[in-house]
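Report on one structure; see the data block that follows.
The values are calculated or read from the model by the stated rules, or taken from the named source; none is laboratory data. Remember, it's a predicted structure, so these values are computed and weren't measured experimentally. Using ideal geometry, Cβ is built from the backbone for each residue, glycine included, and neighbour counts are taken over all protein chains shown.
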Amino acid sequence: MKTYVKFGALVVAVIGTLVWLAAGGISETKTYYKTIAELVQMGNRAAGKRMRVGGDVESGSIVRKGRVVEFTLRQDALRLKVVYKGTDPLPDTFRDGAQALADGKMGADGVFQASKIQAKCASKYQAKPASAPAPLNKAGA
């Protein structure tokens, strides 16, 4: 009887540890998209929390220093300095005026420390306003 109790306690301890690790991992990896305005409203509560912040890359703000890239995200009149020290190369669409998402943590100094960057260039995927699709030719008409 003692061996069954010991075995049961061991199984419960192992399963409990796995559930605890899974719950902690899920809460650490989930991130929400925040605007710069929402980040400013969070104030000191934003420091050290993992999150995603989106905005437009300010023209002329991209500075490359070896593997470190510094730039500014803007949303209307708000600005956020971002420092990217990730290992992945920056996307091809990351350039002045592009919409970007920075994934990382807000530093106590007010600088966002990004570990991942996603970017898109909205104008690249929009159709020209004056262009219309050519009519299809019907055979035998």
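Determine, yes or no, whether GLY48 is modelled with pLDDT under 85, out of contact with any His (no Cβ under 6 Å at 6 or more places or on another chain), exposed (fewer than 14 other Cβ atoms within 10 Å of the Cβ) and of a type in the set (Gly, Ala, Ser). Yes; evaluated as a whole, the condition is true for this residue.
Residue-wise test of (1) part of a strand (DSSP E or B); (2) under 15 Å from the mean Cα position of the chain (by Cα); (3) more than 30 Å from GLY24 (Cα to Cα); (4) among the acidic types (Asp, Glu).
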position	(1), (2), (3), (4)
GLN41	no, no, no, no
ASN44	no, no, no, no
LEU80	yes, yes, no, no
PRO89	no, yes, no, no
PHE94	no, yes, yes, no
LEU101	yes, yes, no, no
ASP109	no, no, no, yes
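Considering (1) farther than 21 Å from GLY110 by Cβ; (2) loosely packed, with under 12 Cβ neighbours inside 10 Å, the lone condition that GLY43 does not fulfil carries the number (1). A count restricted to segment 88-119 and to residues that are out of contact with any Asp or Glu (no Cβ under 8 Å at 6 or more places or on another chain), polar (S, T, N, Q) and more than 21 Å from GLY48 (Cβ to Cβ) stands at 1. In segment 75-102, the residues that are over 15 Å from SER59 (Cβ atoms) and free of Cβ contacts under 8 Å to residues at least 24 places away in the same chain never reach a residue that is among the β-branched types (Val, Ile, Thr) and surrounded by fewer than 17 Cβ atoms within 10 Å (Cβ to Cβ) with C-beta atoms less than 7 angstrom apart, at least six apart or across chains. Just to be sure, is ALA23 in contact (Cβ under 8 Å) with a residue 40 or more places away in the chain, more than 14 Å from VAL111 (Cα to Cα) and either of a type in the set (A, V, I, L, M, F, W, C) or out of contact with any Asp or Glu (no Cβ under 8 Å at 6 or more places or on another chain) (or both)? The answer is no for ALA23. Somewhere in segment 68-84, is a residue over 20 Å from THR35 (Cβ atoms) and at pLDDT below 90? No, the conditions are met nowhere in segment 68-84.
Taking ARG50, is it among the basic types (Lys, Arg), farther than 14 Å from GLN99 by Cα and touching a strand residue (DSSP E or B) at 6+ places or on another chain (Cβ under 7 Å)? When the stated conditions are applied, ARG50 passes them. Among the residues of segment 63-82, those identified as surrounded by 17 or more Cβ atoms within 10 Å (Cβ to Cβ) and aliphatic (A, V, I, L, M) are VAL69, LEU73, LEU80, VAL82.
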